[in-house]
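Structure, as structure tokens:
Every number here is computed from the coordinates shown, using simple stated rules; none is lab data. The model shown is predicted, which means the values in this text are computed figures rather than measured ones. Every residue, glycine as well, gets a Cβ built from its backbone with ideal geometry; the counts of neighbours run over all protein chains shown.
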Amino acid sequence: MAKSDRPLDKWTTPGDRPLNWSARWSLTSRILAVNIFALAMLAGSFFYLDSYRARVSEERTGQTENDVRMIGRAIAVVPAGARQALAAQMAGIDGARLRVYDPAGAPILDSWRAGPITYQLRDPDTEPWKKHVARFMDRAFDHIVGADPIPEFVEPAVDDRQAWPEAQAATTRPGVVVSSHRRAPDRTPVLSAALDLPGIGTMLITNNVRDITRIVRAERFAIGLVVGGVLLVSVLLSLFLARTIARPLRHLAIAAHRVRLGRAREVVVPRLPSRRDEIGMLARALSDMSQALRRRIDAVEAFAADVSHELKNPLASLRSAIDSLTIVKDEALQARLLDIVRDDVMRLDRLITDVAEISRLDGELSRARFEPVDLGPLIEGLLKAREERGRNGEVRIAFARPYMDTAVVYGDGSRLARMIENLVDNAVSFSPPGGLVEVSAVGIEDIVLVGIEDEGPGIPGAKRDTIFRRFHTDRPDDDQPDRHSGLGLAIAKAIADGHDGTIEVRDRSDGRSGAYFLITLPRPPKP
């Protein structure tokens, strides 16, 4: 398959963006951060409480202003002697205190003198600890939402009109209600409103509307319960996710680290078979990768042992021939020894070349740029070059060339040529003089089949799985050893595997003696 030329960051895949800003955060920290961020958005509902409190205060202020107008009209129409009783009765309805000052500013009417005291400012120092906690939360709430400071309400030492700014303002604006919002010592709101009454004086109503504070605190408590419950659930869910995600990933990372160190012969990577999510897929992929790596290491060790063994044979023969040359005087025998030396050198050269080829084959295929390759012209050119170099000897080769673009595969042309060359060379080497090797290539649906058929002795079924092993050879003793390293078929199979293809050995379809190698390669994906 084709490999991209663009280098990728080790933490990204194509199409992903690197997480530079959070690369140092652990997965548990990220899970907690996401959940707490969502919780912080929910906690933003506390800001709604500030606007809710403001609306309630505005409604109560408007109600107080309406009460001032209504009571003012009533006082203006009743006789002077009945005004005190009327004031006490009207003020007692809303729990307010009603006062009237004459044009000079002196008090002439007070609802508390003719009736009961309707409210009482409380000293916070005398209240229980729960109230202190509530006021602390009030201050914290005001600080969080950035509420505007509210002036404190203090009863004047001398009760006259000049002590009340709203009453003073009302005298300059006849018929207009002037109101104010202040805060009692226990942080409950005190609303006041003043109205100038022509011919009578200035009327002032004050009221400690404690229910506003109770309503806001009750709403805040309800929101606090919701936020606290969500916080608890978020933390528990975060810990659950961290346990089900971060812990398995940590175990996989530890196992991968042990694989990297290579201190244990077999490192068990947990496969997590019960998980069907991405972590389960990752666990099984890492387990398969570690097993494949172990097989690759074992294969490399076995290959190194095989190479050492194969090199020792021609080296031993070469050493023996060279040692014999120093003591043999017969020229004919010396010539035979020199032929042995020459054959051993050629065998070593071919062996080293093939070992180097198969050693770097996997790496080269992983870096190769695959492209569409038409096997018809490729095989035709390969066979023509063999014939020009005399590589076929007395063996004939017939090729049924397919139509143009009907046998196109996706791969590396030079490697595909080497694969077919090795198989043709194997077929020629086993064919008798005058024998015929038939090569064919045909495209069927989404695959391309390449067949190589010879007239040699054939391959028994028990040996068909072993012939592709490295350094495996099963040739007559009189065959030329320098021409065959036992790696040709192994190289061909490695190239086929690198192209997502297969090679299998069958009997000839006509029942005659010989072997039939069938290569199966996938066609390029349709655009």
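Worth pointing out:
- Three-way shape label, the stretch 189-281, alpha-carbon gyration tensor, a/c 1.5: prolate
- Distance in nm between pseudo-label sites at E301 and R210 (7 Å out along the Cβ direction from Cα): 8.6
- For the stretch 64-209, the gyration tensor built on C-alpha atoms gives a prolate shape. Its axis ratio a/c (a ≥ b ≥ c) is at least 1.5, and a/b is the larger of a/b and b/c.
- What the Cβ-Cβ distance of I447 and N313 gives, at R0 = 51 Å and to the nearest 0.05, is a FRET efficiency of 0.80.
- Farthest towards the positive end of the charge dipole of the stretch 119-265, among the residues W164, A184, H132, is the Cα of H132, using unit charges on the Cβ of Lys, Arg, Asp and Glu.
- Nitroxide proxy distance, nm - points 7 Å out along Cα→Cβ at V158 and R275: 8.2
- Theoretical FRET efficiency, 1/(1+(r/R0)^6), r = Cβ-Cβ of R243 and R55, R0 41 Å, to 0.05: 0.35
- Charge context of A283, other residues only, Cβ under 9 angstrom, K/R +1, D/E -1: +3
- The stretch 43-104 shape via C-alpha gyration tensor axes, a/c threshold 1.5: prolate
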